[in-house]
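**Student:** Could you have a look at this structure, given as C-alpha cells, before my questions?
No lab work stands behind these numbers, since they all come straight from the coordinates. These figures come from a predicted structure and were not determined experimentally. Neighbour counts run over all protein chains shown; Cβ positions are idealised from the backbone, glycine included.
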Number of protein chains: 2
Amino acid sequence: MQKIFSYQQLYQFTYSIFIAIGCNNEDATTATEALLAADLRGIDSHGIARLVGYVRLWEAQRVNAKPQIKIVYETPSTAVVDGDSGLGLVVAPFAMQVAIDKAKNVGTGWVSVRNSNHFGIAGYHAMMALEHDMIGMAMTNASALVAPTFSIERMLGTNPIAVAIPAKNQPAFVADFATTTAANGKLELLQRKNADAPIGWVQDENGNDSVDANILKKNGALLPLGSDREHGSHKGYALGSIVDIFSAVLSGASYGPWAPPFPAYVSMPENMPGKGLGHFFGAMRVDAFRPADEFKYHMDNWIERFRKAKPAEGFDKVLIPGDPEREMEIIRAKEGIPIVDAVVDELKKLGERFDIQL
Amino acid sequence: MQKIFSYQQLYQFTYSIFIAIGCNNEDATTATEALLAADLRGIDSHGIARLVGYVRLWEAQRVNAKPQIKIVYETPSTAVVDGDSGLGLVVAPFAMQVAIDKAKNVGTGWVSVRNSNHFGIAGYHAMMALEHDMIGMAMTNASALVAPTFSIERMLGTNPIAVAIPAKNQPAFVADFATTTAANGKLELLQRKNADAPIGWVQDENGNDSVDANILKKNGALLPLGSDREHGSHKGYALGSIVDIFSAVLSGASYGPWAPPFPAYVSMPENMPGKGLGHFFGAMRVDAFRPADEFKYHMDNWIERFRKAKPAEGFDKVLIPGDPEREMEIIRAKEGIPIVDAVVDELKKLGERFDIQL
C-alpha cells in the first residue's frame with residue numbers, strides 16, 4: 001500500500017525535477033523545501049503527491065520556471081508582488097520575505113501577490129516569521145470548489161489561513177486550516193478507501209446533503225466551515241471570501257470563480273479579471289507591541305494553560321494548534337515519509353521522463 | 001411582547017445614562033453611537049439591552065467613566081492602547097482611529113488594546129475605516145464560555161472578528177461574526193422562547209451533545225465554529241485563540257479563562273495575567289496595494305458576481321456579508337427599533353434611578 005522514503009531521498013528527487021523543468025538552483029531549493037514541508041508535517045495532499053501536477057502546469061505553460069518575481073507597488077508597510085507565473089512554492093517565500101523586511105522597518109509588513117500558482121501549505125510560509133520573533137500570516141485563494149451559503153455554484157476555493165505565533169520555551173502556535181469544513185485532501189483520502197464522507201462536508205449539484213466522496217466530479221461542492229446556515233456556514237463563507245479578496249482583489253489576481261484551476265487539463269476560466277492565483281502574507285514584529293520577552297513569556301503561559309484545560313472523557317489532552325503537525329515532523333524526520341503506492345508509481349513515471357531515479 | 005422606539009428616543013435615553021454615570025459629552029456621544037449601531041443593525045443582543053450591564057460594571061468600579069485613554073507603545077504601523085478601564089464603546093473607536101491614522105502614514109495600522117471592556121459590535125469599529133477607503137478589522141476577546149475541541153473547560157470567549165471592505169457602487173462587504181457556531185445572543189433568544197438549541201451549538205458539563213439553551217448555567221459550554229472535530233471545530237478553536245492572542249497577549253490584557261466577565265455579579269478571575277479585556281484593530285489603505293478606484297471597481301465586480309451565484313432551491317439569492325444588517329438598518333431607521341418588554345422594563349427601572357425618562 002505504501003513505501004517509506006527518507007526526507008533526503010524525496011529531496012534529491014524533487015530538487016532534480018525542478019532543475020529538469022528549468023528552475024535555477026536557488027528556486028529549485030526553495031520550491032523543494034516548501035513542497036516537502038507538507039510531507040514532513042503529515043499534510044500528504046499538499047506535498048510530493050502534487051509534484052506531477054506542478055510539472056503538468058509547466059508543460060501547459062501555466063507555470064514559468066524562470067520567473068522575474070518583483071515588487072510592483074509599495075508603501076512602507078505594504079507591497080504587491082507580481083509572481084510572473086512562477087511556482088507558488090517560489091513566489092510565496094519571496095513575498096513573505098518582503099513582509100518580514102517591511103516589519104523590520106515599520107513594525108508590520110503586508111504583501112498581496114498576483115500572477116502566482118499553488119504555493120503548497122500556508123503554514124510553511126507563515127512560519128518563516130517565527131525566527132524573527134514575528135507573527136506570520138499566509139493565505140491564498142484557489143480554484144473554485146466551494147458553494148457559498150444558500151448557493152449551488154462553486155465560487156470559492158478552500159482558501160486556507162495560516163497564523164504562526166512565536167513562544168519562548170513552548171513550541172510556536174501554528175494554525176493552518178482550509179476555510180471549509182473539510183479540505184479537499186480529506187475527500188481524496190476517502191476516495192482512495194472507497195469510503196463515505198460525513199454529512200456536512202459536501203453537497204450535491206442541487207444543494208442536498210451528500211456523503212459521496214466523489215461528488216465534486218458530479219457538480220457537487222465543498223461546504224464552507226460550519227456546513228449549513230444553522231451551524232454557521234455563513235461564517236466560513238465570509239472567511240473564504242476575505243481570503244479571496246485579500247489575496248486576489250487587493251493584488252490584481254483572478255478571484256472567486258475565475259481563480260485558475262490546479263489540474264492542467266481543466267481549461268482556464270473565460271474573462272479572467274486578473275492575473276493568476278493570489279496570496280496574502282503578513283508579518284508583525286511582536287516587539288512592535290510589547291517587549292519580545294514579555295510577549296513570549298505570556299505566550300508560554302497561554303499555551304501551558306490551554307494544555308491543562310480539562311479534557312472531555314475519552315480524550316487525553318487539549319491540543320494547541322500546530323501540535324499534531326510538529327509531532328508528525330519529529331517522527332517522519334527520523335523514521336521516513338510514507339508515500340502511497342499510487343503516488344510512488346506516478347513519481348516513478350515522472351522520473352523516467354526526465355531520467356531521474358526515485 | 002415588544003415596543004417600538006425611534007432611534008432618537010433610544011439615543012436621548014442612552015446618552016443621558018452615560019452622562020449620568022459621569023461620561024463627558026464626547027465620550028457619551030461616542031458610546032451611544034457605538035452601542036445603538038447594534039440595535040439599528042438588528043444585533044439586539046449587543047445593543048441597548050446591554051446598557052444595564054454597563055452601568056452595573058460602572059457601579060462595581062470595573063468601568064471607569066472618565067478614562068485617560070492613551071498610546072503606551074508604538075511603531076510607525078503599530079500601537080498598544082491602554083483603555084484605563086474605560087467603556088469599550090469609547091476605547092475601541094479611539095484605538096480604531098489610531099489604526100486609521102497610522103494607515104494614512106505608512107499604508108496600514110494595527111492596534112492592540114488592553115485594560116478595556118465590552119465594545120459592542122465589532123462591525124461598527126471595523127466600518128470606521130470605510131470612509132477613508134480603507135479595509136477595517138476589529139476583534140475582541142471576551143469572558144470564557146467556549147470549550148476548545150476535546151475539552152470540557154471554558155477557555156475562550158465568543159471572540160468575534162469583523163472585516164469591512166469598501167466597494168464603489170455596491171455597498172461595502174461587512175463580515176462580523178463570533179468564532180463559535182452560534183453567538184451567545186442566539187442562546188438568549190431561545191431561552192426567552194423556552195426553545196431547544198440545535199445539536200452542535202453547546203455541550204453539557206461532560207462534553208456531551210446538548211439542546212438545552214440554558215446549559216451555560218449548568219457548567220456547559222458553547223462550541224467553536226465547526227461544532228465537533230469531524231466538522232472542523234479545531235478551526236473555530238484556532239480562530240478564537242488567534243483573536244484572544246492578538247487582542248490580549250499582544251497588548252497585555254487578560255487572556256483565555258482570565259478574561260474579565262461581563263456580568264458584574266461574577267467575581268473577577270484570580271491571578272489575572274494582564275489588565276482588563278483586550279481588542280485588536282487593523283486598517284489597510286486599499287491604495288497601499290493598488291489605485292483605490294481600481295480596487296473598488298473589482299470589489300463591485302466581486303460582489304456582483306457573488307450576488308449572481310446560482311441559488312439552491314428554496315432560496316432567492318446568495319447574500320454578501322453585511323447584507324442582512326444593512327437591510328435591517330434601513331428598515332429600523334425608518335420604522336423604529338423594537339425592544340422586547342423585558343428589556344423595556346429594565347431600562348425604565350434604570351432610568352428611574354437617574355431620573356431619566358425613556
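**Student:** Just going by the charge dipole of the protein assembly as shown, with Lys and Arg at +1 and Asp and Glu at -1 on Cβ, which of B:Asn64, A:Asn64, B:Ala79 is farthest out on the positive end?
**Tutor:** Farthest towards the positive pole: B:Ala79.
**Student:** Right, another one. Of B:Val318, B:Asn301, B:Val343, which is farthest along the charge dipole of segment B:297-358 in the positive direction, counting Lys and Arg as +1 and Asp and Glu as -1 at C-beta?
**Tutor:** About the Cα centre, the residue reaching furthest to the positive side is B:Asn301.
**Student:** Roughly how large, in nm² to one decimal, is the mean projection of the convex hull of the alpha-carbon atoms in chain B?
**Tutor:** Result: a mean projected hull area of 18.5 nm².
**Student:** On a straight-distance basis, which aspartates and glutamates could pair with B:Lys186 in a cross-link, Cα separation under 13 angstrom, same-chain partners fewer than 8 positions away excluded?
**Tutor:** Leaving aside aspartates and glutamates fewer than 8 places away in the same chain, those within reach of B:Lys186 are A:Glu230, B:Asp44, B:Asp196, B:Asp212.
**Student:** Across peptide B:152-165, how many C-beta atoms of other chains are within 10 Å of each residue C-beta, on average?
**Tutor:** 3
**Student:** Taking B:Leu189 in one copy and the same position in all the others, each labelled 7 Å out along Cα→Cβ, what are the pairwise distances from the first, in nm, shortest first?
**Tutor:** Computed spacing set for this position: 3.5 nm.
**Student:** Using a Gaussian network for chain B with springs between C-alpha atoms less than 10 Å apart, which of these wobbles most: B:Ala182, B:Ala142, B:Ala342?
**Tutor:** B:Ala342
**Student:** Mind listing which trypsin sites (Lys or Arg not before Pro) in segment B:292-323 are in a DSSP loop and have 14 or fewer other Cβ atoms within 10 Å?
**Tutor:** Counting only loop positions with at most 14 other Cβ atoms within 10 Å, the trypsin sites (Lys or Arg not before Pro) in segment B:292-323 are B:Lys308, B:Lys317.
**Student:** About the Cα centre of segment B:301-345, how large is the charge dipole given +1 on each Lys and Arg Cβ and -1 on each Asp and Glu Cβ? Please answer in debye to the nearest 20.
**Tutor:** 440 debye
**Student:** Among the GluC sites (Glu not before Pro) in segment A:259-345, which ones are in a DSSP loop with at most 10 other Cβ atoms within 10 Å of the Cβ? Mind listing them?
**Tutor:** A:Glu270, A:Glu313
**Student:** Moving to a separate point now. Please list, in chain and number order, the residues 5+ apart from A:Ser143 or on another chain whose amide H is under 5 Å from its amide H, with Hs placed from the backbone.
**Tutor:** Under 5 Å from the amide H of A:Ser143 lie the amide H atoms of A:Phe262, each far enough along the sequence or on another chain.
**Student:** Could you give, in nm with one decimal, how far A:Val266 is from each other copy of that position, shortest first, with labels 7 Å out from Cα toward Cβ?
**Tutor:** Listed shortest first, these distances are 4.5 nm.
**Student:** At A:Glu304 and A:Ile330, where each label point lies 7 Å from the Cα along Cα→Cβ, what is the point-to-point distance in nanometres?
**Tutor:** Label-label distance for A:Glu304 and A:Ile330, simple model: 1.8 nm.
**Student:** Compute, for the protein assembly as shown, the length of the dipole vector about the Cα centre, with Cβ point charges of +1 (Lys, Arg) and -1 (Asp, Glu) only. Units Debye, rounded to 20.
**Tutor:** I would put it at about 400 debye.
**Student:** Given a cut-off of under 8 Å on Cα pairs at least six residues apart, what relative contact order in percent is computed for segment B:180-241?
**Tutor:** About 31 percent, as a whole number.
**Student:** Between segment B:165-183 and segment A:21-72, how many Å separate their Cα centres?
**Tutor:** 34 Å
**Student:** I'm a student and want to see the number: the projected area of the Cα convex hull of segment B:4-47, averaged over all directions, in nm².
**Tutor:** 2.9 nm²
**Student:** Going down the table (A:Lys310/B:Lys217; A:Lys193/A:Lys217; A:Lys235/B:Lys275; A:Lys218/B:Lys310; B:Lys3/B:Lys334; A:Lys102/A:Lys235), which pairs top 24 Å between alpha carbons?
**Tutor:** Flagged as over cut-off: A:Lys235/B:Lys275; A:Lys102/A:Lys235.
**Student:** When B:Ser112, A:Ser16, A:Ser151 are ordered from fewest to most other Cβ atoms inside 10 Å of their Cβ, what list results?
**Tutor:** A:Ser16, A:Ser151, B:Ser112
**Student:** Compute the label-point distances linking A:Thr29 to its equivalents in the other copies; points lie 7 Å from Cα along Cα→Cβ; give nm, one decimal, shortest first.
**Tutor:** 6.1
**Student:** Can I ask one more? On a C-alpha basis, how far is the centre of segment A:75-89 from the centre of segment B:95-147 in Å? Whole number, if you could?
**Tutor:** Between the Cα centres of segment A:75-89 and segment B:95-147 lies a distance of 27 Å.
**Student:** Only Lys, Arg, Asp and Glu count, each charged at its Cβ (+1, +1, -1, -1), so figure out the dipole size of segment A:185-274 about its Cα centre, rounded to 20 debye.
**Tutor:** So the magnitude is around 260 debye.
**Student:** Write down the percent of antiparallel bridges among all DSSP beta bridges whose residues are both part of chain A, to the nearest 5.
**Tutor:** Roughly 85 percent of the beta bridges in chain A run antiparallel, per DSSP.
**Student:** Are there any trypsin sites (Lys or Arg not before Pro) in segment B:154-224 that are in a DSSP loop and have at most 16 other Cβ atoms within 10 Å? List them by number.
**Tutor:** Passing sites in segment B:154-224 are B:Lys168.
**Student:** Separate question: Out of all Cα-Cα pairs in segment B:189-270, roughly what percent, to the nearest whole number, are more than 23 Å apart?
**Tutor:** I get 35 percent for the Cα pairs in segment B:189-270 exceeding 23 Å.
**Student:** In sequence order, what are the phi-derived ³J(HN,Hα) couplings for segment A:262-277 according to the Karplus relation 6.51 cos²θ - 1.76 cosθ + 1.60 with θ = phi - 60°, rounded to whole Hz, with x for glycine and proline?
**Tutor:** 6, x, 5, 7, 7, 6, 5, x, 7, 6, 4, x, x, 9, x, 7
**Student:** Taking the Cβ-Cβ separation of B:Tyr7 and B:Glu294 as r and a Förster radius of 41 Å, what is the calculated FRET efficiency to the nearest 0.05?
**Tutor:** 0.65
**Student:** While we're looking at this one, here's another question. Using Cα pairs closer than 8 Å and at least 6 residues apart in sequence, work out the relative contact order for chain A, in percent.
**Tutor:** Relative contact order of chain A: 21 percent.
**Student:** Counting helices only, and only those DSSP H runs with n ≥ 4, report the 222 nm mean residue ellipticity of chain B as the sum of -39,500 (n - 2.57) divided by its residues, in deg cm²/dmol to the nearest 500.
**Tutor:** -11500 deg cm²/dmol
**Student:** Quick one: net charge around A:Met139, please, counting Lys, Arg +1 and Asp, Glu -1 for every other residue with C-beta under 12 Å from its C-beta.
**Tutor:** -2
**Student:** Counting only C-alpha contacts under 8 Å and six or more residues apart, can you give the relative contact order of segment A:203-295 as a whole percent?
**Tutor:** The value is 17 percent.
**Student:** What residue among A:Tyr255, A:Val243, A:Pro171 has its Cα farthest toward the positive end of the dipole of segment A:134-260, where the charges are +1 on Lys, Arg and -1 on Asp, Glu, each on the Cβ?
**Tutor:** Most positive-ward Cα: A:Pro171.
**Student:** Hey, another quick one. Per residue of A:3-14, how many C-beta atoms from partner chains lie within 10 Å of its own C-beta, taken as a mean?
**Tutor:** Counting Cβ atoms of other protein chains within 10 Å of each residue's Cβ and averaging gives 0.
**Student:** Sequence-distant or interchain residues sharing an amide H contact under 5 Å with B:Tyr255, placed H: which?
**Tutor:** Correct list: B:Gly274.
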